[in-house]
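Report on the following structure.
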Amino acid sequence: MKPLKVIQATPVSTTHLVEYGITDTALAELREKNKGVIVNDTASLKAARANKSEIVSLRTSLEASRKEKKKDVLEYGRKLDAEASRIKLALEEIEALIKTPIDAYENKLAAEKAERERIELARIQKIKEAIELNFGTSALIGLSGADSDRLNQRLSDVNNICFDESFQEFHVAAEQQKARFILQLESLIADAEAKEREQKRLQREALRLERLREEQEERDRLVREALESEKAELARIKAEQAAAQQAIDDERASLDAEKKAAEARKAHEEFERQAKANAEQEAQEKLARQQREEEAAAEAKKIEAERQAALLPDKQKLMAFAQKIRDIELPELKAVAAKTIIAACRNHLMNTASLIENGATHL
């Protein structure tokens with residue numbers, strides 16, 4: 001069938017229909033041509049689109065011719081409209097015949113493209129999630145507060161991770177993320193080992209101070225026992241002196257008056273001498289005792305001052321460090337996931353500061 005085209009019809013009597021150059025026979029041929037069209041590949045899609053373009057061109061040309069012919073007379077225009085509408089309706093019905101398979105195939109192509117894009121996005125998302133799971137921020141946060149043994153084990157596990165062909169274009173990015181994660185892990189390990197060394201040092205220092213305290217308590221006990229022994233010895237001497245004096249008095253009573261008087265004078269002199277000697281001895285012993293007590297107190301004070309002096313710098317450093325941790329300014333975040341991460345960090349920081357302060361208080 002030859003290609004159809006809309007022709008410019010010459011106005012005729014209002015008792016005849018206007019001719020547009022598209023006969024019923026041509027419409028029937030056009031309908032038959034496009035009836036049952038199957039679109040299942042690129043070539044058939046191209047041919048169907050060409051047929052559709054021909055029909056659309058006829059329909060639009062028909063409309064343009066109708067408007068032009070309508071300018072002459074209104075009645076003639078109405079007849080033109082009626083004929084054009086009839087032909088247009090027929091053309092649209094024919095167009096629908098070919099449009100349906102075209103749309104079906106184009107929809108199929110679009111669905112296949114969407115499925116390919118979905119699969120590609122799922123593949124990329126899976127790779128990104130694998131990278132994030134092993135080397136992302138969440139993996140690093142999960143190691144917060146871990147000891148050096150656990151961190152070293154994690155580092156060994158990470159070094160053993162290899163990327164196969166499934167990572168495709170993300171292979172380089174995964175290697176780079178792994179390298180960054182290893183650097184962060186090594187930094188955490190260094191910090192954990194430094195912290196553990198400091199904890200061991202503090203434990204040794206606590207043991208040393210405990211040993212000093214026990215030694216000081218032992219020295220104090222020995223001083224108390226020495227003082228108590230001296231007091232007992234003085235009491236014994238006084239008791240012996242009293243007993244001796246009583247013996248002298250008893251002996252003097254048995255003598256005659258003259259002998260008593262002489263011996264009494266002699267005994268009195270001897271008593272005074274002995275009393276003076278005893279008083280001098282007691283004064284000397286008291287002075288010696290006071291000196292020993294003062295020396296012991298001075299020694300204890302010196303040891304305590306040395307202990308406090310040894311503790312004071314570390315204690316102040318620990319308290320200042322804890323305060324710095326509390327004063328850390330955290331960023332203001334908008335995303336819920338980011339807020340969750342920063343909240344967990346804040347809790348860890350506050351717990352760490354409290355641990356340092358409690359440990360420093362007991363130094």
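Overview of values
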{"quantity": "LEU62, sole failed condition from (1) free of Cβ contacts under 8 Å to residues at least 40 places away in the same chain; (2) crowded, with 18+ Cβ neighbours inside 10 Å", "calculated": "(1)"}
{"quantity": "Filter pass, GLU175 being of a type in the set (D, E, K, R), in the same structural domain as THR42 (by TED's automatic domain parsing) and either out of contact with any Phe, Trp or Tyr (no Cβ under 7 Å at 6 or more places or on another chain) or at pLDDT below 80 (or both)", "calculated": "no"}
{"quantity": "Out of ALA257, ALA279, ALA235, ALA192, sole residue that is at pLDDT 80 or above, surrounded by fewer than 12 Cβ atoms within 10 Å (Cβ to Cβ) and more than 30 Å from ILE303 (Cα to Cα)", "calculated": "ALA235"}
{"quantity": "Pick from the stretch 150-174, criterion surrounded by 12 or more Cβ atoms within 10 Å (Cβ to Cβ) and either of a type in the set (Asp, Glu) or part of a loop (DSSP other than H, G, I, E, B) (or both), ranking: farthest from the chain's Cα centre (by Cα)", "calculated": "PHE163"}
{"quantity": "Filter result for ARG197 (more than 30 Å from VAL39 (Cα to Cα), modelled with pLDDT of 85 or more, assigned by TED's automatic domain parsing to the domain that holds THR352 and within 29 Å of the chain's Cα centre (by Cα))", "calculated": "yes"}
{"quantity": "Residue list for the stretch 323-340, filter: surrounded by 10 or more Cβ atoms within 10 Å (Cβ to Cβ) and not in a helix (DSSP H, G or I)", "calculated": "ILE328, LEU330, LEU333"}
{"quantity": "Some residue of the stretch 21-32 being farther than 30 Å from ALA104 by Cβ, modelled with pLDDT under 85 and not hydrophobic (A, V, I, L, M, F, W, C)", "calculated": "yes"}
{"quantity": "Inter-residue pairs, beta-carbon under 7 Å, first within 30 Å of HIS362 (Cβ to Cβ) and in the stretch 210-234, second in a helix (DSSP H, G or I), 6+ apart", "calculated": "LEU212/ILE303; LEU212/ARG307; GLN216/ALA300; GLN216/ILE303; ASP220/ALA300; VAL223/ALA296"}
{"quantity": "Any hit, the stretch 78-93, residues being in a helix (DSSP H, G or I), within 29 Å of ALA43 (Cα to Cα) and acidic (Asp, Glu)", "calculated": "yes"}
{"quantity": "Conditions (1) surrounded by 13 or more Cβ atoms within 10 Å (Cβ to Cβ); (2) closer than 30 Å to ALA206 by Cβ; (3) at pLDDT 80 or above: number failed by ARG292", "calculated": "(2)"}
{"quantity": "Any hit, the stretch 105-112, residues being in contact (Cβ under 8 Å) with a residue 24 or more places away in the chain and either among the polar types (S, T, N, Q) or out of contact with any Gly (no Cβ under 8 Å at 6 or more places or on another chain) (or both)", "calculated": "yes"}
{"quantity": "Index of the failed condition, LEU318 passing every other in (1) exposed (fewer than 10 other Cβ atoms within 10 Å of the Cβ); (2) at pLDDT 80 or above", "calculated": "(1)"}
{"quantity": "Failed criterion for LEU207 (all others in (1) surrounded by 11 or more Cβ atoms within 10 Å (Cβ to Cβ); (2) within 30 Å of GLU299 (Cα to Cα); (3) without any contact (Cβ under 8 Å) to a residue 24 or more places away in the chain hold)", "calculated": "(1)"}
{"quantity": "Residue within the stretch 89-100 that is over 30 Å from CYS162 (Cα atoms) and within 60 Å of the chain's Cα centre (by Cα) present", "calculated": "yes"}
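The values are calculated or read from the model by the stated rules, or taken from the named source; none is laboratory data. This structure is a prediction, so every number in the text was calculated from the model and none was measured. So basically every Cβ, Gly included, is an ideal-geometry build from the backbone, and we count neighbours across all protein chains shown.
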